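Notes follow once the structure below has been shown.
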Amino acid sequence: MTIAVLGGTGNEGKGLVYRWAKAGYRILIGSRTPEKAQAVAAELTDLLGGEVAIEGATNLAAAQSANIVVLTVPYAVHSETLGMVKEALKGKILIDVTVPLVPQKVTMVQMPPAGSAAQEACELLGEGVQVTSAFQNISYEHLLQDGPVECEVLVTGTSKEARSETLKLVAAAGLIGWDAGPIENSVVVEGMTRVLIGINKQYKSTSAGIRIIGVEAPARER
Ligand SMILES: NC(=O)c1ccc[n+]([C@@H]2O[C@H](COP(=O)([O-])OP(=O)(O)OC[C@H]3O[C@@H](n4cnc5c(N)ncnc54)[C@H](OP(=O)(O)O)[C@@H]3O)[C@@H](O)[C@H]2O)c1
């Protein structure tokens, strides 16, 4: 299994690459600049002690060579980036991590006309791509460290099968994940990130998250 993380040179992408590489997956970090992706691949390989499979490439080459593609870019370039890799995603699962943040009033929930960034991805990519949405409520600070993470991950998606594949990767990252239903529910998860940013601001934190209670949690992988 090869996972491509497009925009994996940024904080959130790096955090996911760190955890999946540690779990034994082959990772392709995608970037606009392959040299930048290769440098980040080398940095994370060093951080993990060398025995991992992380490479750098352009976003397109990474998407072409992977089985599952993860998108971690700013919302401002979400559509543009997807447009560039659209053909390479056919028949694959796209895990969209994007939060549709716009500069004004970051702490007030505002969603795009399609409902959410993930639904925009569905509209842009068409039926040949399964889209799931996950990790929006997990700060990279939790991912780029080795301890357990208390925050949990809500996974929405266009099919039960795609959500199930995504939940396997959530577990492989050492996190508790929940099947949160159809991709239309991503509006709640993406919107929650703005609420968490507001809580961080008010309570002088940087990594607020969420947790589901009242139901037995699925097992973590590590
Ligand atoms: N940071 C977090 O804790 C966190 C938590 C949950 C969700 N998220 C979401 O995850 C996504 C990534 O967050 P991040 O903090 O990792 O973002 P970031 O560091 O600002 O950007 C990630 C990568 O996107 C690419 N990028 C940046 N500006 C671009 C542009 N103008 N055109 C094309 N590519 C550009 C860059 O890769 P190259 O220069 O290598 O191409 C960059 O390394 C966002 O949608 C964010 O809302 C973040």
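The values are calculated or read from the model by the stated rules, or taken from the named source; none is laboratory data. In this text, all values refer to a predicted model and were calculated from it rather than measured experimentally. Virtual Cβ from ideal backbone geometry, glycine too; neighbours counted across all protein chains shown.
For segment 61-73, indicate whether the set of residues that are in a loop (DSSP other than H, G, I, E, B), within 14 Å of the ligand (Cβ to nearest atom) and under 30 Å from V188 (Cβ atoms) is non-empty. Checked segment 61-73: at least one residue is in a loop (DSSP other than H, G, I, E, B), within 14 Å of the ligand (Cβ to nearest atom) and under 30 Å from V188 (Cβ atoms). Residues in segment 24-45 include none that are closer than 18 Å to S133 by Cβ and of a type outside the set (D, E). Among the residues of segment 8-20, are any at pLDDT 95 or above, over 24 Å from R194 (Cα atoms) and away from the ligand (no atom under 14 Å from the Cβ)? Checked segment 8-20: at least one residue is at pLDDT 95 or above, over 24 Å from R194 (Cα atoms) and away from the ligand (no atom under 14 Å from the Cβ).
Looking at G91, G126, G147, just one residue is out of contact with any Gly (no Cβ under 7 Å at 6 or more places or on another chain), of a type in the set (G, A, S), more than 12 Å from the ligand (Cβ to nearest atom) and at pLDDT 95 or above, and that residue is G126. All told, T132 falls short of being farther than 21 Å from S79 by Cα, within 14 Å of the chain's Cα centre (by Cα), outside any loop (DSSP other than H, G, I, E, B) and β-branched (V, I, T). Just one of the listed residues (G157, G198, G91) is surrounded by fewer than 16 Cβ atoms within 10 Å (Cβ to Cβ), touching a residue at least 12 places away in the same chain (Cβ under 8 Å), farther than 27 Å from L48 by Cβ and not polar (S, T, N, Q), namely G91.
Here S186 meets each of (1) surrounded by 13 or more Cβ atoms within 10 Å (Cβ to Cβ); (2) farther than 29 Å from C122 by Cα; (3) hydroxyl-bearing (S, T, Y) with one exception, condition (2).
Taken over segment 126-150, the criterion of being in contact with a helix residue (DSSP H, G or I) (Cβ under 6 Å, 6 or more places away or on another chain) and under 20 Å from V187 (Cβ atoms) is satisfied by V129, Q130, V131, T132, S133, A134, Q136, N137.
May I ask you to verify whether G83 is farther than 23 Å from G15 by Cα, of a type outside the set (F, W, Y) and within 12 Å of the ligand (Cβ to nearest atom)? Taking the combined requirement at face value, the residue satisfies it.
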